[in-house]
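What follows draws every value from the coordinates through simple rules; no lab data is involved. Computed from a prediction, not measured in an experiment: that's the story for all the values here. Note that we place each Cβ from the backbone using ideal geometry, even for glycine, and neighbour counts take in every protein chain shown.
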Amino acid sequence: MDSTDYIAKSSGSSTPLEDNINVVVRVRPLNDREHKARDVSITQFPGNGQLLCEGQSDTNKAKLFSYNVVFEPGATQEDILHYSGTKRLIEMAIEGFNATVFCYGQTGSGKTHTLTGPPELFIGKKHDLNHKGHGLIFRSFFYLFQLLQQRQENTQFILKASFLEIYNEKVIDLLNPGKARRKPLAVRWSKKLRGFYVENLFLVDCEELDDLLAVLEEGMRNRSVGSHLMNDHSSRSHTILTVHITSEQQAENEKSVFISKQGKINFVDLAGSEMTKKTHSEGKTLEEANNINKSLMVLGYCIASLSDHRKKNGHIPYRDSQLTKLLADSLAGNGVTLMIACVSPAKSNENETINTLRYAARAKRIKTKPLIIIDPREALILSLKREVNSLKVENEHL
Ligand code: ADP
Ligand code: MG
């Protein structure tokens, strides 16, 4: 069977990314351990972006969920790039929007696999570019450069990339970990940028595709080296790889004016979603819970506030965690976001799978309006030039 058959059968009827927050679900295959334990799959794929969760325990009845796209266990890494809507996000980042792709789900559900592929790809010498395990970030970089090359004739692009980790509310630079692990970086508000930024974060100039690939490779290597208990660490930490794209384009009919646009795309590998539940279920105080995973909880609050239409003009608590500060410009007014909810098909994971599917369904109800960011200085020059021109025209008619 061709790999795309798996998607064709279950794709949503709408084109992905019609809205500003789109949600797709990826169901991983049952793994060896689950097969050996005679675990069974409880997910079914009726088509049209729907997912049926059989719910075999007494408390869980069968539930039908609806998303933009549902990827069945046979979907390939290339399928995720093609059918998730990520390509449109990359196009929008080039056009000056803030775009974010985040993977959400319990530990072991396939978040890291989806974004970066198996960790072995980043160990040892130069990796095999054609390896079918390469994840969405790697594939997105190729697509991005393909687009930039097509548009290079009348536009100049400047690319910079960063890669950070948030662990226990501390921001660590994965491209400069030695220094940062001793002294976490500060997240600050910038009036000029109209957003939050990480002070002293390494921003690597990326002129070529290889430069971007090196950023991914270096960050992945540092992520695994930095911790003794890799699984525990990665299930409690978030990583954000960001590509900042600045474009300078000559204005039509105004050769002396350059329009500068600044967009970016974030790839976010979130901490395991079971962490939020742990903080509630163990009856901890908010303070203690915060230490386990404040960012993931606040992301949940932000999504709930955004999707609750009664609270449309209410307070969205972006400032309450490092993760939501850094994602605020994508989640709020001027961004586009893709949530990839990763789930296990196994009966033994039923409760976590239902939690993730509910969280994802709630996120789908959010609607915001994206705005393009044009450098305000350039926008002013352009509008003044237009004014001068129209005055000239008026004068000619006097
Ligand atoms: P997470 O990052 O959500 O904790 P991982 O991405 O590390 O989970 O996945 C857990 C294990 O399952 C890994 O060994 C990974 O290779 C495997 N896996 C996850 N998703 C898939 C998939 N779609 N196809 C094949 N293997 C997968
Ligand atoms: Mg992971």
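Amide H contacts for ASN98 (H built 1.01 Å from N in the peptide plane; partners 5 or more residues away or on another chain; cut-off under 5 Å): LYS264, VAL336. When each of the peptides 37-48, 21-32 is scored by how many other beta carbons lie within 10 Å of its residues on average, the order from highest to lowest is 21-32, 37-48. For the residue pairs LYS170/LYS294; LYS87/LYS192; LYS191/LYS325; LYS191/LYS261; LYS87/LYS264, alpha carbon separations beyond 20 Å are given by LYS87/LYS192.
Can you tell me the length gained on complete extension of the stretch GLN50 to ALA62, counting 0.36 nm per residue apart and subtracting the Cα distance?
Details: separation 12, 0.36 × 12 = 4.32 nm, distance 1.29 nm.
So the extension gain works out to 3.0 nm.
Put the Cα centre of segment 331-355 next to the Cα centre of segment 75-108 and the gap is 14 Å.
Here's how it looks for ILE21: its modeled amide H is under 5 Å from those of THR337, THR368, which are all 5 or more places away or on a different chain.
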